[in-house]
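Working notes, structure below.
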Amino acid sequence: MVNFREITAGQALPEREFTATNVSLFCYNAAIWNPHRIHYDETYTTEVEKHPKIVIDGPLQGDWLSQIVVNWVGEEAELLKFDYSNRRASYLGETLKSGGKVLKVDQQTGLVEVELFLKNEEGEITSPGSATVRFNI
Amino acid sequence: MNNLVTDEALSWIGKSDPPVEIEVNRSDIIKYSVSTEQVLTKYLKGDEAPPMFIAGLSREIVPLKELGVDGLPPASLLPDLPLKRVMAGGVRFEFHKKVKPNEVLVFEKKLSDITEKQGKTGPLIFITYLITCKTKAGEMVLEQFQTRILR
């Protein structure tokens, strides 16, 4: 876990890779009760909605972004604000890398602002985001 | 601007769905945590819900025969607009309280804004929803601002 006194602006957060599979997408969509066919029915997805492959859920990518923050702070801080935007679709078979960096540290209040990203294998940012956490100081 | 958003559509701003009560179940937290590849023990054991768990918790559950060809339930709080293709926009969360198993949460969804913008390839309509999640005692748990883009 990170030590608040050692955090500086520009510091990178630990990165992590995610590769969705048919099984993981099935489990995720069952868990959130999402019956949208673009996440499990390949024929419908390609022929009707004209995606090249099964689509990785936008909110799942949002979750992967949030994990970069909550795993970094552990029990040392609480998540106050989090936002993301799915700018580019991601498809089954892609490996996405999430990470981020510290934008601002307030030594008086314990507030830390971070910028987040999810990138595809081409290095394109598919989902940018940001978060604010408050450390217990 | 093309004035695609009529006064009738704008009159939908402020409308809300009836509140929905949902009980948080430990096994649901565990299933969510496993499927999203969480690593913190508190999530994997279901002692606390991951931040994004609550966003998935409020999805509408309707009888199978009411699902559309795409598999989705009928859209709620969506006025008649000339652009029909719906894309996910940004989502912003403000967290006020951690969620533990066995809590009963009350969700309310309100249409908070409709705005027309000019995109690179044509007009776009942005619809923003505010989804609030409170405890039964009225304590705020989460505010979620969700944008849908019509093109």
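For B:THR6 and B:GLU66, the FRET efficiency from 1/(1 + (r/R0)^6), where r spans their Cβ atoms and R0 equals 35 Å, is about 0.80.
When Rg and Dmax are taken over the Cα atoms of chain B, they come to 17.4, 52 Å. Dipole magnitude for chain A: computed about the Cα centre from +1 point charges on Lys and Arg Cβ and -1 point charges on Asp and Glu Cβ, it is near 200 debye. Give me the distance between the Cα centres of the stretch B:19-51 and the stretch B:84-151, rounded to whole Å. That distance is 20 Å. Loop-resident GluC sites (Glu not before Pro) (DSSP state other than H, G, I, E or B) in the stretch B:1-93 with no more than 15 further Cβ atoms inside 10 Å of their Cβ: B:GLU60.
For the stretch B:7-24, list residues with backbone N below 18 Å from a point placed 7 Å from the Cα of B:ASP80 toward its Cβ? Backbone N within reach: B:7-13. Axis angle, to the nearest 10 degrees, between helix A:22-31 and the longest C-alpha principal axis of chain A: 70 degrees. How far is helix A:58-73 tilted off the main Cα axis of chain A, in degrees rounded to 10, range 0 to 90? Rounded to the nearest ten degrees, it is 20.
Using Cα pairs under 8 angstrom and six or more residues apart, how large is the relative contact order of the stretch A:3-67, in percent? Value for the stretch A:3-67: 22 percent. Distance from the alpha carbon centroid of the stretch A:1-20 to that of the stretch A:31-62 works out to 30 angstrom. Count the lysine pairs in chain A that are 8 or more places apart or on different chains: how many have C-alpha atoms under 23 angstrom apart? Lysine pairs meeting the criterion: 10. The charge dipole of the protein assembly as shown, taken about the Cα centre with unit charges on the Cβ atoms of Lys, Arg (+1) and Asp, Glu (-1), comes to about 180 debye, rounded to the nearest 20. Estimated purely from DSSP H runs of n ≥ 4, each contributing -39500 (n - 2.57), the mean residue ellipticity at 222 nm for chain A is -7000 deg cm²/dmol once divided by its residues.
Loop-located trypsin sites (Lys or Arg not before Pro) in the stretch B:59-132 (DSSP state other than H, G, I, E, B) with a sparse environment of at most 11 neighbouring Cβ atoms within 10 Å: B:LYS84, B:ARG85, B:LYS120.
For the stretch A:1-72, dividing the convex hull volume of the Cα atoms by the residue count gives 112 Å³ per residue.
When a/c is below 1.5 the answer is rounded, else prolate if a/b is larger than b/c, else oblate, so apply that to the protein assembly as shown with a ≥ b ≥ c taken from the square roots of the Cα gyration tensor eigenvalues. Verdict is rounded for the protein assembly as shown. Taking the Cα atoms only, what angle lies between the long axis of helix B:26-35 and the longest principal axis of chain B, rounded to 10 degrees? The helix B:26-35 is inclined about 70 degrees to chain B. The stretch between B:LYS110 and B:SER16 holds 33.4 nm of extra length on full extension. This uses 0.36 nm per residue minus the Cα-Cα distance.
Here chain A was treated as a single set of alpha-carbon atoms; its pair distances binned every 10 Å from 0 give 12, 39, 28, 15, 5, 1 percent.
The length gained on full extension between A:ARG134 and A:LEU80, counted as 0.36 nm times the residue separation minus their Cα-Cα distance, comes to 18.7 nm. Between A:VAL114, A:VAL105, A:VAL23, the GNM of chain A built on Cα springs shorter than 10 angstrom shows A:VAL23 fluctuating the most.
Readers should treat all values here as calculations from the given coordinates under stated rules, not as data from a laboratory. Keep in mind that this is a model prediction, so the values were computed, not measured. Backbone-built Cβ (ideal geometry, glycine too); neighbour counts: all protein chains shown.
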